[in-house]
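The values are calculated or read from the model by the stated rules, or taken from the named source; none is laboratory data. Bear in mind that the values here come from a model prediction, so they are computed numbers and not experimental data. Glycine also receives a Cβ, built like all others from the backbone with ideal geometry; neighbour counts cover every protein chain displayed.
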Amino acid sequence: CRLFYLGLEPQTQRRLASTISAIKAQTGNKTARAAKEDKTFQAIQEERREQAERSVLISCPPRFSEKKFLDYLSKHGTINKHFFYSSYGAYAVVEFSSKESIASLKENTNIPAVEHEAAVPFKSRLLSLKWPGSQSNNQPVPNFQEQSPPSIGDITQLLSEKDSVDEQLQCLTGALQLTEENISLRFLVCSLLGDIAGAYFPECIIRPFGSTVNSFGKLGCDVDMILDLDGIYATSQKKGSGLSLEYQVKRGASERAVTQSILSVIGKCVDQFGPGCVGVQKILQARCPLVRFSHQPSGFQCDLTANNRVAMKSSELLFLYGQLDPRVRHLVFSVRCWARVHNITSSIPGAWITNFTLTVMVVFFLQQRNPPILPTLDQLKDLAGPSDKCVIEGNDCTIVSDLSKITLQKNTDTLEKLLQEFFEFYGNFPFNKASINIRKGKEQTKPETTALYIQNPFETTLNVSKNVNATQLERFVKLCQESAWLLQKREILNRSSSQSAESVLPWGFAALLLPSVTSGTGVKSRRKRKLEPASSRIKNLLDSLKIKGGETVAKKGST
Ligand code: GTP
Ligand code: MG
């Protein structure tokens, strides 16, 4: 490891050291994950939500005594867990063992007196720690947990140190995946938002969905939220005299109109009363109306939707696939990272392939292996028990929730083989006539002429990749072909030939992250590339990567 550091700039060394310690910390996460393995998706979400309700988020000075801080808070009750991170300033997440502690803490917290302005007196669980000024400077700096992904340069270096492609892909997942702390923070932000929405709808719950919960989330990805009003409709059906009461309610023209008006009001509250919530945009005319904002204390970009239960079911489905075989997550993380680096995906909405689409493509590919690595959606439905039955707006969304009911076939393909075959599979896929269908686990005849047709798993008449145009699909196919070609050449798989005394050259998967020639961001023409030995080409590409060094995967947005 020390040899590997030789020749790196001190700044890069520090960043790498922090990445490595983050990955080591993730080993601890694995234990937490393993402990959750026998729980259903719903049970895991419920546990995290309940923990978040017992938590507070506290802005802290950059230096303070952790012990004094915890002693002070402990006066209000037992602290279960806590951690520190730095975003726009230093913050602490503190989880108490009981909700009463929050009430006690709030009783002893003041609304600040602000000069020249006036405060909105909303008592949230986002607090500020006031440390006597003169005592703060000579205090130690607490251990801040990393909340951002490593840069692409750091990832390339880190992977190049590994001994096999399989190790590289496992390491990549470890470096990019959400940490337990980051997931807790995401649930806490949802819970804080729930306090605002709860002023109108006390039974509502704000739940995270998408990559926060589907096990494919990368540090830095957005927080997708659903305002869940189902609790309001749960009525107490007491039998008796035959009399009953109903609430008088306002009516809207349609479900969509009601959703839009609820989101509009909540959006306004978030904007005007929500501490830390900035840049609130109401995007109510979208197919799925939403309120987008930044939550500054966490650094998260948030998308709040309502009445979006199918999306939550899709998250559960992806989570389930991710749990069935560790290779699923490794392949999804690798393909997502590869696609982001080559601008196949983007943080801006448009005609690009999305992460959700890519993940479904990986699932479909793994269903096509011989023997299959993943079951079809119909098979997951057949294994479901009576309590798994789920119909949303007429769509049967039933899937088995008990993972132990699923028997997998024995497939021992290495990650290296799967990665290569993924690129070959989609490099040669008949996109012009076939559609991708994970419910049947088979390609089918395309029902319409859109460039890419991937049947929506639950709303089967819809295409999840309707937005993708022919140009973007072609870029994806070309890049798959190029990556398959590079892996077939095997030169990039030869680690020893790409070593030099000063540093380790990118090889294996790391070499696939170097700027591409076909994607239009490359530095050399294809003709010139053919004339060069691969090692010198890779070296040139690495040099160009160093020039672009400031650009990180993180900065390119959530993928
Ligand atoms: P990130 O890019 O890491 O945020 O991945 P993500 O899975 O969270 O994707 P995104 O934030 O774009 O969308 C959130 C969730 O909405 C996804 O996980 C899906 O459940 C759902 N979703 C997104 N796009 C589509 C789509 O085109 N069709 C359908 N049916 N669901 C979608
Ligand atoms: Mg998302």
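Structure notes:
- Contacts under 9 angstrom Cβ, first residue in region 355-377 being within 16 Å of ligand 2 (Cβ to nearest atom), partner charged (D, E, K, R), 6 or more apart: ASN355/LYS218; ASN355/ARG336; ASN355/ARG340; LEU358/ARG336; THR359/ARG336
- Answer residue from region 201-219, given it is more than 10 Å from ligand 2 (Cβ to nearest atom), more than 20 Å from LEU290 (Cα to Cα) and modelled with pLDDT of 95 or more and is surrounded by the fewest Cβ atoms within 10 Å (Cβ to Cβ) among those: LEU219
- Entry remark, region 231-286: residues being in contact (Cβ under 8 Å) with a residue 60 or more places away in the chain and part of a loop (DSSP other than H, G, I, E, B) number 3 in total.
- In a residue-by-residue description of region 231-244, the property of being within 16 Å of ligand 1 (Cβ to nearest atom) and under 27 Å from the mean Cα position of the chain (by Cα) applies to no position.
- One residue from ASP166, ASP154 being within 22 Å of SER215 (Cβ to Cβ) and touching a residue at least 40 places away in the same chain (Cβ under 8 Å): ASP166
- Residue in region 333-356 that is farther than 28 Å from GLY153 by Cα and either within 11 Å of ligand 1 (Cβ to nearest atom) or in contact with a strand residue (DSSP E or B) (Cβ under 9 Å, 6 or more places away or on another chain) (or both) present: no
- Among the residues examined, ALA90 qualifies as touching a strand residue (DSSP E or B) at 6+ places or on another chain (Cβ under 9 Å), surrounded by fewer than 20 Cβ atoms within 10 Å (Cβ to Cβ) and not in a helix (DSSP H, G or I).
- Among the residues of region 287-308, those that are surrounded by fewer than 18 Cβ atoms within 10 Å (Cβ to Cβ), of a type outside the set (Gly, Ala, Ser) and outside any strand (DSSP E or B) comprise ARG287, CYS288, GLN296.
- For beta carbons closer than 9 Å, sequence separation of 6+ or different chains, a first residue in region 405-421 that is over 15 Å from ARG329 (Cβ atoms) and of a type in the set (Gly, Ala, Ser) and a second that is crowded, with 16+ Cβ neighbours inside 10 Å and at pLDDT 95 or above, there are no qualifying pairs.
- Residues satisfying the stated conditions in region 220-230, i.e. within 6 Å of ligand 1 (Cβ to nearest atom), assigned to a loop (DSSP other than H, G, I, E, B) and crowded, with 23+ Cβ neighbours inside 10 Å: CYS221
- Residue in region 427-445 that is surrounded by 13 or more Cβ atoms within 10 Å (Cβ to Cβ) and over 26 Å from ASP378 (Cα atoms) present: yes
- Helices (runs of 4 or more DSSP H) fully within region 314-396 counting 1 or more residues that are under 19 Å from SER211 (Cα atoms): 326-341, 355-367
- Among (1) over 18 Å from the mean Cα position of the chain (by Cα); (2) of a type in the set (S, T, N, Q); (3) under 26 Å from GLN170 (Cβ atoms), the one test that ASN307 misses: (3)
- Qualifying positions in region 286-296 - farther than 17 Å from THR212 by Cβ and at pLDDT 95 or above: PRO289, GLN296
- Restricting attention to region 474-497 and to residues that are among the basic types (Lys, Arg) and part of a loop (DSSP other than H, G, I, E, B), the residue that is farthest from ligand 1 (Cβ to nearest atom) turns out to be ARG490.
- Selection count where residues are outside any loop (DSSP other than H, G, I, E, B) and either within 14 Å of ligand 1 (Cβ to nearest atom) or within 26 Å of the chain's Cα centre (by Cα) (or both), scope region 436-473: 6
- VAL165 meets each of the listed conditions (1) touching a Gly at 6+ places or on another chain (Cβ under 6 Å); (2) under 26 Å from VAL270 (Cβ atoms) apart from (2).
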